[in-house]
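One structure is given below, encoded as structure tokens.
The values are calculated or read from the model by the stated rules, or taken from the named source; none is laboratory data. Predicted, not measured: the structure shown is a model, and the values here were computed from it. Because the Cβ atoms are built from the backbone with ideal geometry, glycine has one as well, and the counts that use them run over all protein chains shown.
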Amino acid sequence: MKISDIDSESNVVSMLDFENFFDITTDRNGYKRYNLNSTLYLNYSYGDLLEYVPSHDLHWTTVSYNIYGTTRLAWLLCKINKISDPIRPV
């Protein structure tokens, strides 16, 4: 399902964006960050997931857009793929 498939008048789009669920921590440099590892546990089997292989280097936001039609779920891809540095290209 893509974001465009959801009724724009419903609140479902904001439910897909889980940023309000995550704890925000401050690192030693004073930057605020979401702490996904202590806040969210996903129970899934890798066999249940689809595979996406980019043809060239992409950032996680672009991969999220290609799969879901929105960049706002890049955090989910990073969490599932155990990515600790989401700035580095895929």
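Any residue that is part of a loop (DSSP other than H, G, I, E, B) and at pLDDT 75 or above - is there at least one of those in region 31-42?
For region 31-42, residues part of a loop (DSSP other than H, G, I, E, B) and at pLDDT 75 or above: present.
Hey, can you tell me all the residues within region 43-67 that are assigned to a helix (DSSP H, G or I), touching a helix residue (DSSP H, G or I) at 6+ places or on another chain (Cβ under 7 Å) and hydroxyl-bearing (Ser, Thr, Tyr)?
Thr61, Ser64
Can you pull out the residues in region 41-70 that are under 22 Å from Asp23 (Cβ atoms) and surrounded by fewer than 15 Cβ atoms within 10 Å (Cβ to Cβ)?
Within region 41-70, Tyr41, Leu42, Asn43, Tyr44 qualify.
Would you be able to say whether some residue in region 3-16 is part of a loop (DSSP other than H, G, I, E, B) and modelled with pLDDT of 65 or more?
No, every residue in region 3-16 fails to be part of a loop (DSSP other than H, G, I, E, B) and modelled with pLDDT of 65 or more.
Kindly indicate whether any position in region 79-90 is modelled with pLDDT of 85 or more and touching a His at 6+ places or on another chain (Cβ under 6 Å).
Yes, region 79-90 contains a residue that is modelled with pLDDT of 85 or more and touching a His at 6+ places or on another chain (Cβ under 6 Å).
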